[in-house]
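Please read the structure below before turning to the comments.
Values in this text are rule-based calculations from the coordinates and carry no lab data. All values derive from a computational prediction rather than experimental measurement. All Cβ positions, even for glycine, are placed from backbone atoms using ideal geometry, and neighbour counts span all protein chains on display.
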Amino acid sequence: MIKKRLVIGVSGASGAPLAIELLKCLKPYKDYIETHLIYTKSAKQTLQQETNISLEEFINMADVSYDCDNIGSAPASGTFKTIGMIIVPCSMKTVAGIVSGYSDNLLLRTADVTLKERRKLVLVARETPLSSIHLRNLYELSQLGAVIIPPMVSYYNNPKTIDDINHHIIGKVLDQFDIDIENFNRWE
Ligand SMILES: Cc1cc2nc3c(=O)[nH]c(=O)nc-3n(C[C@H](O)[C@H](O)[C@H](O)COP(=O)(O)O)c2cc1C
């Protein structure tokens, strides 16, 4: 079976543990899904600030990873087939870059390609409070076909830990690609 490629962009918004949770949840699907990781310079900082894992350990969780400065990498081209892209967490700077088509790094270029090829683009956009600029940009991206999933807490599933909260958010994100993760509490 040919594996499907899924691009995972990680930017410098708060929420690096969500990117780790996403890569963990995709592990059982390694025979079907190939993960392609692109992380920004600021993401390295938040990873260090918010988690206990090293950049090397993080990179090793993905099948392939790319230097965000290398604009000539494979995902920069629409001919590189993928099932879409998830940016988790997605900063407001990256949101602004995508909505204006300002593709000055590999993550932004790949998001641009994802939209132009009409592939699924999921943004786990994180900031609080949201300014009118943020809201306008997110609205425009939604109109352009991106799916906006802010990392909001669900209470109905009675989360006990931050891991529970993260797991539920990632369950919602992967639902967008019809990927069912274990122990995802759906409302029945
Ligand atoms: C610890 C930390 C937390 C941050 N949290 C956020 C955030 O939640 N949302 C956001 O839009 N920017 C946040 N920032 C600021 C971004 O990192 C900054 O705007 C950066 O330029 C984003 O670049 P990137 O989108 O290329 O990663 C944070 C920065 C740091 C150091």
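Odds and ends about this structure:
- Qualifying positions in segment 139-148 - surrounded by 16 or more Cβ atoms within 10 Å (Cβ to Cβ) and part of a helix (DSSP H, G or I): L141
- Enumeration of residues in segment 147-159 that are under 26 Å from K116 (Cβ atoms) and touching a helix residue (DSSP H, G or I) at 6+ places or on another chain (Cβ under 7 Å): I148, I149
- Pairing residues of segment 34-57 that are over 23 Å from P75 (Cα atoms) and touching a residue at least 60 places away in the same chain (Cβ under 8 Å) with residues that are assigned to a helix (DSSP H, G or I) and away from the ligand (no atom under 11 Å from the Cβ), at Cβ distances under 6 Å and at least 6 apart in sequence or on separate chains, gives no pairs at all.
- Among the residues of segment 87-112, the ones that are surrounded by 18 or more Cβ atoms within 10 Å (Cβ to Cβ) and under 14 Å from L141 (Cα atoms) come to 12 in all.
- Summed over segment 149-171, residues that are outside any loop (DSSP other than H, G, I, E, B) and buried (at least 17 other Cβ atoms within 10 Å of the Cβ) total 7.
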